[in-house]
């Protein structure tokens, strides 16, 4: 089973959005027994809090629920437990390396949009207020990641 962990600053906006978008794509592709998806934060500020209402509202438009999800923090052991640790932006990468160690000997750490043709950061809607743009970027990244996995790993 391939294990994916999406990571952002607080685990209430972008990374849970990516988690639930990817879970929806995996389910629709019939790959639930082959791909496991979760999300985490690099900070401790939101630990235990529910998904941001903006993320919940945006995903609800597509029939995707975030029910039961609360923010958790990335742990050093996650490096061993996951095949892909996917940051939403470069700032997250720096904080991830602080937690898991600066080395990435197994080449598991990427930004989500590194799997697309236009590698870039995903803007944080906590600051921008634009959950539509964030959703579009995350959808693009998850779609590219799933295609990559189907072509190279499954």
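What follows is calculated from the coordinates using simple rules that are stated; it is not laboratory data. Treat the numbers as computed from the prediction; the structure is a model and nothing was measured. Quick reminder, even Gly has a Cβ in these numbers, built from the backbone with ideal geometry, and neighbours come from all protein chains shown.
In summary, the convex hull built on the alpha carbon positions of segment 77-148 has an orientation-averaged projected area of 5.2 nm².
Here 42, 66 are placed in order of increasing Cβ neighbour count within 10 Å, fewest first, which gives 66, 42.
Whole Å is fine, so just give me how far the alpha carbon centre of segment 123-154 lies from that of segment 54-116. Centre-to-centre distance over Cα atoms comes out at 11 Å. Grouping the Cα pair distances of segment 31-76 into 5 Å bins from zero gives a pair-distance distribution of 5, 19, 22, 22, 20, 11, 2 percent in increasing distance order.
The packing ranking of peptides 139-147, 102-110, 53-61, highest mean first, is 139-147, 53-61, 102-110, where packing means the average number of other beta carbon atoms within 10 angstrom of each residue. With the gyration tensor restricted to C-alpha atoms of the chain, the semi-axes of the equivalent ellipsoid amount to 20, 19, 15 Å, longest first.
Modelled spin-label separation between residue 118 and residue 83, with each label point placed 7 Å from Cα along the Cα-to-Cβ direction: 2.9 nm. Computed over segment 1-85, the P(r) curve from all C-alpha pair distances, binned at 10 Å from the origin, holds 19, 49, 29, 2 percent per bin. With a cut-off of 8 Å between alpha carbons and a minimum separation of six or more residues, what is the relative contact order of segment 2-152 in percent? Result for segment 2-152 is 27 percent.
Beta bridges from DSSP with both residues in the chain: antiparallel share about 5 percent, rounded to the nearest 5.
Every helix of 4 or more DSSP H residues in the chain counts as -39500 (n - 2.57), and over all residues that averages to -12500 deg cm²/dmol at 222 nm.
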